[in-house]
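Structure first, then comments.
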Amino acid sequence: MTADYDLAIIGAGPAGLAAAGLAAELGLTVALLDEQERPGGQIYRAIETVGASRPLTAKALGPDYERGRGLVDAMRAARVDYLPGAIVWNVSRELAVNFSRQGGSRELRARHVLVATGAMERPVPVPGWTRPGVMTVGALQIMLKTSGLVADGRVVLAGSGPLLLLLASQYVEAGAPPAAVVETVPRARYVEALAHLPKALRAAGYLAKGIRLMRTLARAGVPVYRGASDLSVEGGDKATGLAFTQGGRERRVEADLVALHQGVVPNQQITRLLGCDHVFDDGQRCFRPVLDDWFATSLDGVSVAGDGGGIGGAVAAEHAGRVAVCGIAHRLGALSEAQRDARAAPSRAALNRDLAIRPFLETLYRPPREVLEPADDVLVCRCEEVTAGAVRGAVALGCPGPNQAKSFLRCGMGPCQGRVCGPVVSEIIADALGSDPGAVGYYRIRPPLKPLTLGELAALDTDTESGTA
């Protein structure tokens, strides 16, 4: 099969943007596909428009957000066929990429595919999490980036992870401080994380940023409840408050909106679809594809860069994108081995420095058991309305893994295709069997990856697709 491009990159976040710019510089023909109408991914969403049209929003988002402008500008200036609004719904092992765009479906072919689809927020299935008035912290940040909107009323942010403190600080800077931050990190976890502090000091900028965020909240008088557990969203037709336990005492904070967050996990849908090898990462408590030193998967011609291959953050994703392209360029004959190593060396060194913080963060913000293995009456599959108790009941009847749970319960068969329930269903089954998620596995993913109409499918055009930079 004749390839239309040397390299097809799926995802225009930090990894995809950095990869596209370098690949074009190295002489590769590049297609960059992304679901959004403008480049930037989730981290740098709307980066091209915020500064000019909403300077106050840009100020609230902070200097780290501005880093994305250089990546986007470099991609725009490069010889890259950029295809915005392209929803990839299938990738074949022969490296044909099917996607919907502008009302029809098309196919392009590449000599190599780089998956740069990033991460998704980890589901936080606690009692009441499906009530109206409950969102994710990431969703609130998207509202802020895309339209400069902050939520009305009393907003309570609950969970753990750097994004929790970041959004709370951004809300303060936007003039809408949250009513409270409820953090689920046990006090003992801080002691555990100290063992990784010496290595984390190699990326001391992140530690300094965390301290600045906490100071911002303190200056604004935002109540921060630390060491919380047993979270439960209260209310009837909508959320009215968040109940939790702190220091052996039951507490409650009033809320018009509760935003939950427990870190992020790799978006592994495409690599699962392709049958790439995956491993369960106990430190990050999630599955990720198995990658070599150049971010190549077990399937020839497919690489992964950024958080889709393991959580590292936006800056690490940028460096990983460049390292991955050096490896791809060598495989495609555009760089010799010596040229590959020399070209990748600065990015690899920067990547290693940036990742030095990860053991500290992963220890400190490890998700609590109540989120990984929720109570029986908590919904875990929202599409098919399956509870954690129903999953445990299926295991008692002989269900050995997530794929068999589809037959028992239909969990993972709804519109999200297991994106939301996948991580927690694997955890519940593993716990019920006295095993681990790596042993019980994960859902098998089949096309289409995203919903598409019969009209889009019938209109599939396999001619070469051209984009505009």
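The values are calculated or read from the model by the stated rules, or taken from the named source; none is laboratory data. Not measured: the values here are computed from a predicted model. Methodologically, a virtual Cβ is constructed for each residue, glycine included, from the backbone with ideal geometry; neighbour enumeration extends over all protein chains shown. These area figures cover heavy atoms from the full protein model, side chains too; ligands, DNA and RNA do not enter into them. Shrake-Rupley method; radii C 1.70, N 1.55, O 1.52, S 1.80 Å.
Just checking, which of GLN36, GLN102 is modelled with pLDDT of 95 or more, under 25 Å from THR146 (Cβ atoms) and open to solvent by 20 Å² or more (accessible area, probe 1.4 Å)?
Only one candidate qualifies: GLN36.
Test ARG67 against the criterion of being under 30 Å from ALA176 (Cα atoms), outside any loop (DSSP other than H, G, I, E, B) and out of contact with any Pro (no Cβ under 6 Å at 6 or more places or on another chain), and give yes or no. Lay out the reasoning, then the answer.
On the way: under 30 Å from ALA176 (Cα atoms): yes; outside any loop (DSSP other than H, G, I, E, B): yes; out of contact with any Pro (no Cβ under 6 Å at 6 or more places or on another chain): yes.
Considered against the rule, which asks whether it is under 30 Å from ALA176 (Cα atoms), outside any loop (DSSP other than H, G, I, E, B) and out of contact with any Pro (no Cβ under 6 Å at 6 or more places or on another chain), ARG67 comes out as yes.
Go through the range 318-335 and give me each residue that's open to solvent by 10 Å² or more (accessible area, probe 1.4 Å) and either of a type outside the set (D, E, K, R) or under 19 Å from GLY68 (Cβ atoms) (or both). Let's see the steps before the verdict.
Filtering the range 318-335 for residues open to solvent by 10 Å² or more (accessible area, probe 1.4 Å) gives 318-319, 322, 330-335.
GLU318, HIS319, ARG322, HIS330, LEU332, GLY333, ALA334, LEU335 - these are the residues of the range 318-335 that are open to solvent by 10 Å² or more (accessible area, probe 1.4 Å) and either of a type outside the set (D, E, K, R) or under 19 Å from GLY68 (Cβ atoms) (or both).
How do the pairs read when you match residues in the range 437-456 that are within 21 Å of PRO402 (Cβ to Cβ) and part of a loop (DSSP other than H, G, I, E, B) with residues anywhere that are open to solvent by less than 50 Å² (accessible area, probe 1.4 Å) and β-branched (Val, Ile, Thr), using Cβ under 8 Å and keeping only pairs 6 or more apart or on different chains?
TYR443/VAL425; LEU449/VAL88; LEU449/ILE270; LYS450/VAL88
How about the range 412-436: which of its residues are of a type in the set (D, E, K, R) and part of a helix (DSSP H, G or I)?
Answer for the range 412-436, where residues must be of a type in the set (D, E, K, R) and part of a helix (DSSP H, G or I): GLU427, ASP431.
With respect to MET75, determine if the residue is hydrophobic (A, V, I, L, M, F, W, C), part of a helix (DSSP H, G or I) and either at pLDDT 95 or above or open to solvent by 20 Å² or more (accessible area, probe 1.4 Å) (or both).
On the way: hydrophobic (A, V, I, L, M, F, W, C): yes; part of a helix (DSSP H, G or I): yes; either at pLDDT 95 or above or open to solvent by 20 Å² or more (accessible area, probe 1.4 Å) (or both): yes.
It is true that MET75 is hydrophobic (A, V, I, L, M, F, W, C), part of a helix (DSSP H, G or I) and either at pLDDT 95 or above or open to solvent by 20 Å² or more (accessible area, probe 1.4 Å) (or both).
Test ILE311 against the criterion of being closer than 21 Å to GLY16 by Cβ, β-branched (Val, Ile, Thr) and either assigned to a loop (DSSP other than H, G, I, E, B) or free of Cβ contacts under 8 Å to residues at least 12 places away in the same chain (or both), and give yes or no. So that I can check it myself, show each step before the final result.
Working: closer than 21 Å to GLY16 by Cβ: yes; β-branched (Val, Ile, Thr): yes; either assigned to a loop (DSSP other than H, G, I, E, B) or free of Cβ contacts under 8 Å to residues at least 12 places away in the same chain (or both): yes.
So ILE311 fits the description; yes.
Which condition number in (1) open to solvent by 20 Å² or more (accessible area, probe 1.4 Å); (2) over 18 Å from GLN269 (Cα atoms); (3) hydroxyl-bearing (Ser, Thr, Tyr) is the one that TYR5 fails?
Condition not satisfied by TYR5: (1).
Give ARG382, ARG343, ARG348 a once-over and let me know the one that is within 22 Å of GLY283 (Cα to Cα) and open to solvent by 50 Å² or more (accessible area, probe 1.4 Å).
ARG348
Hey, could you check the range 405-430 for residues that are touching an Asp or Glu at 6+ places or on another chain (Cβ under 9 Å) and either farther than 18 Å from GLU373 by Cα or aromatic (Phe, Trp, Tyr) (or both) and say which is modelled with the highest pLDDT?
My answer is ARG410.
So if I check each of ALA317, ALA334, ALA350, ALA338, which one is more than 22 Å from the chain's Cα centre (by Cα), in a helix (DSSP H, G or I) and either small (Gly, Ala, Ser) or at pLDDT below 95 (or both)?
Just one listed residue meets the conditions, ALA338.
Taking the condition of being open to solvent by 10 Å² or more (accessible area, probe 1.4 Å) and of a type in the set (Val, Ile, Thr), how many residues in the range 78-99 meet it?
Of the residues in that region, 2 qualify.
Identify all residues within the range 255-266 that are over 14 Å from ARG285 (Cβ atoms) and either buried (at least 21 other Cβ atoms within 10 Å of the Cβ) or charged (D, E, K, R) (or both); write none if there are none.
Taking the range 255-266 first, the residues over 14 Å from ARG285 (Cβ atoms) are 255-261.
Selection gives ALA255, ASP256, VAL258, ALA259, LEU260, HIS261.
Check ALA204, ALA200, ALA176, ALA188 and return the single one that is under 24 Å from the mean Cα position of the chain (by Cα) and free of Cβ contacts under 8 Å to residues at least 40 places away in the same chain.
On inspection, the qualifying residue turns out to be ALA204.
Pull out all pairs, ordered by first then second residue, where Cβ-Cβ is under 8 Å, the residues are six or more apart or on different chains, the first lies in the range 397-408 and is within 14 Å of SER435 (Cβ to Cβ), and the second is open to solvent by less than 40 Å² (accessible area, probe 1.4 Å) and among the aromatic types (Phe, Trp, Tyr).
As it stands, the answer is PRO402/TYR442; PRO402/TYR443, since those pairs meet every condition given.
Going through the range 409-436 one residue at a time, which ones are touching a residue at least 24 places away in the same chain (Cβ under 8 Å), of a type in the set (S, T, N, Q) and on the phi < 0 side of the Ramachandran plot?
Matches in the range 409-436: SER426 only.
With farther than 30 Å from LEU457 by Cβ, modelled with pLDDT of 95 or more and buried (at least 24 other Cβ atoms within 10 Å of the Cβ) as the only criterion, which of GLY27, GLY13, GLY21 stands out?
Being farther than 30 Å from LEU457 by Cβ, modelled with pLDDT of 95 or more and buried (at least 24 other Cβ atoms within 10 Å of the Cβ) holds for just one of GLY27, GLY13, GLY21, which is GLY21.
Yes or no: the range 196-204 includes at least one residue that is surrounded by 13 or more Cβ atoms within 10 Å (Cβ to Cβ) and assigned to a strand (DSSP E or B).
no
Across the range 228-251, which residue is least open to solvent (accessible area, probe 1.4 Å) among those that are in a strand (DSSP E or B) and farther than 14 Å from GLY128 by Cα?
So, considering only residues that are in a strand (DSSP E or B) and farther than 14 Å from GLY128 by Cα, the one least open to solvent (accessible area, probe 1.4 Å) is ALA228.
Could you pull out the residue among ALA208, ALA139 that is closer than 27 Å to THR49 by Cα, at pLDDT 95 or above and surrounded by fewer than 18 Cβ atoms within 10 Å (Cβ to Cβ)?
From the options ALA208, ALA139, the qualifying one is ALA139.
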